[in-house]
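Participant: Dumping the structure here so I can ask a few things about it.
The values are calculated or read from the model by the stated rules, or taken from the named source; none is laboratory data. This structure is a prediction, so every number in the text was calculated from the model and none was measured. Counting neighbours? That spans all protein chains shown, and the Cβs are built from the backbone with ideal geometry, glycine included. Please note that ligands, DNA and RNA were not included when accessible areas were found on the heavy atoms of the full protein model with its side chains. Shrake-Rupley method; radii C 1.70, N 1.55, O 1.52, S 1.80 Å.
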Amino acid sequence: MIIDKEYALVDATARLNTDLRDYESEINKAASVTFGNDLIEVIVYQFSFVIKVRTNSEKIKHGLLINFGKNIAKQVSSLCLSAMRMYPNANHKPSYQLFRCIN
């Protein structure tokens, strides 16, 4: 099964002020490292990107998507500074999110 997922920056202000096409090579590299031979295609638009992944189930494993986000974040620290959202948690370390699924 081939699954398409579209992602955009979580932070609305950063989403409007950032052209993701400037980060196309980093997004492609992170997708290749994360999904390997299961990666079909990555399409990067100005405000979002689409990944197409081959999988045996009806959705992409959550852990792979988290690793994908981490792999992007490692390469684009400047984007993280302006667009990363932090969610505090009283019982655990805060969680961080750069992208969210929009489809």
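Participant: Once fully extended, how much extra length lies between N91 and N17, figured as 0.36 nm per residue of separation less the alpha-carbon to alpha-carbon distance? Don't skip to the answer; put the middle values down first.
Facilitator: On the way: separation 74, 0.36 × 74 = 26.64 nm, distance 3.36 nm.
Working it through step by step, the gained length comes to 23.3 nm.
Participant: Per residue, how much accessible area does the chain show when a 1.4 Å probe rolls over the protein heavy atoms, in square angstrom?
Facilitator: With the other protein chains kept in place, the chain gives 64 Å² per residue.
Participant: Percent of Cα-Cα pairs per 5 Å bin, from 0 to the last occupied bin, for segment 17-75, please list those.
Facilitator: With 5 Å bins starting at 0, P(r) equals 4, 20, 29, 27, 14, 5, 1, 0.
Participant: Please give me, ordered by residue number, the trypsin sites (Lys or Arg not before Pro) of segment 1-84 that lie in loop per DSSP and have at most 15 other Cβ atoms within 10 Å.
Facilitator: In loop regions of segment 1-84 (DSSP not H, G, I, E or B), the sparsely surrounded trypsin sites (Lys or Arg not before Pro) are K59, K61.
Participant: Could you work out what % of the accessible surface of the chain is carbon and sulfur, using a 1.4 angstrom probe and leaving DNA, RNA and ligands out of the count?
Facilitator: 49
Participant: From the backbone phi of segment 62-79, what are the Karplus-calculated ³J(HN,Hα) couplings (6.51 cos²θ - 1.76 cosθ + 1.60, θ = phi - 60°) in whole Hz, Gly and Pro given as x?
Facilitator: After applying 6.51 cos²θ - 1.76 cosθ + 1.60, I find 4, x, 5, 5, 5, 4, 4, x, 5, 5, 5, 4, 4, 8, 10, 4, 5, 5 Hz.
Participant: Return the FRET efficiency for the residue pair K59, V10: r is the Cβ-Cβ distance, R0 is 22 Å, and the value is rounded to the nearest 0.05.
Facilitator: On the way: r = 20 Å, r/R0 = 0.90.
About 0.65, to the nearest 0.05.
Participant: Please list, in order along segment 24-41, the HN-Hα scalar couplings obtained from phi with the Karplus expression 6.51 cos²θ - 1.76 cosθ + 1.60 (θ = phi - 60°), rounded to whole Hz, x for Gly and Pro.
Facilitator: 4, 5, 5, 5, 4, 5, 4, 5, 5, 5, 6, 9, x, 5, 7, 6, 8, 6
Participant: If you place +1 on the Cβ of every Lys and Arg and -1 on the Cβ of every Asp and Glu, how big does the dipole about the Cα centre of the chain come out, in debye to the nearest 20?
Facilitator: 360
Participant: Evaluate Rg over Rh across segment 45-103, taking Cα atoms for both radii and Kirkwood's formula for Rh.
Facilitator: Ratio of gyration radius to Kirkwood radius: 1.00.
Participant: Please work out the Cα center distance from segment 1-61 to segment 63-102, rounded to the nearest Å.
Facilitator: Segment 1-61 and segment 63-102 have Cα centres spaced 14 Å from each other.
Participant: Take L64, L16 and sort them by solvent-accessible surface of the protein heavy atoms, 1.4 Å probe, largest at the top. Present the calculation step by step, with values, prior to reporting the outcome.
Facilitator: Working: L64 65, L16 135 Å².
Ranking L64, L16 by accessible area, largest first, yields L16, L64.
Participant: Rg and Dmax of the chain over Cα atoms: what are they, in angstrom?
Facilitator: So, for the chain, Rg and Dmax equal 13.6, 40 Å respectively.
Participant: Divide by every residue of the chain the summed helix terms, -39500 (n - 2.57) for each DSSP H run of at least 4, and state the resulting mean residue ellipticity at 222 nm, rounded to the nearest 500 deg cm²/dmol.
Facilitator: On the way: 4 runs with 39 residues, N = 103.
After summing the helix terms and dividing by residue count, I get -11000 deg cm²/dmol.
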